[in-house]
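Single-structure report; data block below.
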Amino acid sequence: MADKPKSASNTINNPSAPSPNAKKPEASRPADSGARTAARAAGEIKPPQVVKISAGDRARMIAEAAYFLALNRGFDSGDNVQDWLTAEAQVDAQLRTRG
């Protein structure tokens with residue numbers, strides 16, 4: 001039995017089916033930035049807080065995260081530099097999202 005073209009059969013057999021050329025609904029858009037600015041001025045929206053830590057604290061956090069990366073793989077055949085770089089990216093991402 002030969003395959004029927006799906007788009008033609010769907011439209012003919014099911015008139016409520018969307019046509020292949022139908023316009024897709026637009027996604028909802030974020031609120032107007034002017035409204036957000038007014039809400040922030042009224043105290044309804046607070047800006048994120050900036051987390052400030054010392055370079056020593058940041059290095060300690062990175063060292064600890066790198067240690068746990070090595071621990072999770074059993075300290076087997078890993079690259080210490082890669083552990084450090086991965087941990088650095090994780091710590092920096094955490095510091096950016098705090099607030």
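Of all residues in region 39-67 being in a helix (DSSP H, G or I) and farther than 21 Å from Arg96 by Cα, which is modelled with the lowest pLDDT? The residue in question is Ala39.
Among the residues of region 59-99, just one is charged (D, E, K, R) and either in contact with a Leu (Cβ under 8 Å, 6 or more places away or on another chain) or in contact (Cβ under 8 Å) with a residue 60 or more places away in the chain (or both), namely Asp83.
The values are calculated or read from the model by the stated rules, or taken from the named source; none is laboratory data. Nothing here was measured: the structure is a model prediction, and the numbers come from that model. Here Cβ is always computed from backbone atoms with ideal geometry, including for glycine, and neighbour counts include all displayed protein chains.
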